[in-house]
1. In region 14-142, what percent of the accessible surface is made up of carbon and sulfur (1.4 Å probe, ligands and nucleic acids excluded)?
2. With a cut-off of 8 Å between alpha carbons and a minimum separation of six or more residues, what is the relative contact order of the chain in percent?
3. If you count only protein heavy atoms and use a 1.4 Å probe, how large is the accessible surface of Y39, to the nearest 10 Å²?
4. Fully extended, how many nm does the chain gain between E130 and F170 (0.36 nm per residue separation, minus their Cα-Cα distance)?
5. Rank these by accessible area, largest first, 1.4 Å probe: I123, I104.
6. Which whole-number value in Å² is the accessible area per residue of the chain, probe 1.4 Å?
7. Stretched out fully, how many nm does the piece from V68 to A112 gain, at 0.36 nm a residue minus the Cα gap?
8. Bin width 5 Å, alpha-carbon pairs only: give the P(r) of the chain as whole percents, running from 0 to the bin holding the largest distance.
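The values are calculated or read from the model by the stated rules, or taken from the named source; none is laboratory data. Because the structure is a prediction, the values reported are computed rather than measured. Heads up: the accessible areas ignore ligands, DNA and RNA and are worked out on the full protein's heavy atoms, side chains in. Shrake-Rupley method; radii C 1.70, N 1.55, O 1.52, S 1.80 Å.
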Amino acid sequence: MSPSEAGVVVADDDSQRAPASRPLEIVFGIVALAFSAGYLFLTTQIPLRREAAPGQIDARFWPTVIAVTAVVIALAILAMALTRPAPGREDLERIQPGGYIRVIATLVITCAFVALWSLSTVILFGYRIEVFPIAAAVLMAALMLLYGHRGWISLIIYSVSVTAFVYVVFGMLLRIPL
């Protein structure tokens, strides 16, 4: 009769446990800090049409707030990764089949969206056409298809409605150039 059959609790053997994730946590903290510091630097490069008076908010304010918050959080993540014991990874699921292909396809679709968005407007048959609404709807539909959404009606309605909402709020009401 084995100890587990006799009702005796057997401690987990260290050889059966998943490896600790300390190197992964440290690398993630360093990468997060690098990205957020780069974003903070880019926020200082935002061109201003006119300088804000003292006590007023200009175009750099919210991006700078977000960037500083990101740097603080990245520093906290890095500090916790360096000082705390690494958590186990036994509760994580295995990578799904096709996961790497989906990540690469997501990056390709996103890069194509950014490339199209940089065109801003296109003149076609004498009409000026905004590229953002079309590119954003195609981006959302492509990503939803990539990750398994197959209902055509809801696929089209969701993509068009979310894109219309973003375009109306940011492009028309707030007059942020898209």
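1. 70 percent
2. 18 percent
3. About 90 Å², rounded to the nearest 10.
4. Extending this stretch completely gives an extra 13.0 nm.
5. Details: I123 130, I104 105 Å².
In descending accessible area the options line up as I123, I104.
6. Dividing the accessible area of the chain by its residue count gives 78 Å².
7. 12.9 nm
8. Calculated over all Cα pairs of the chain, the distribution is 1, 6, 8, 10, 12, 14, 13, 11, 8, 5, 4, 3, 2, 1, 1, 0, 0, 0 percent.
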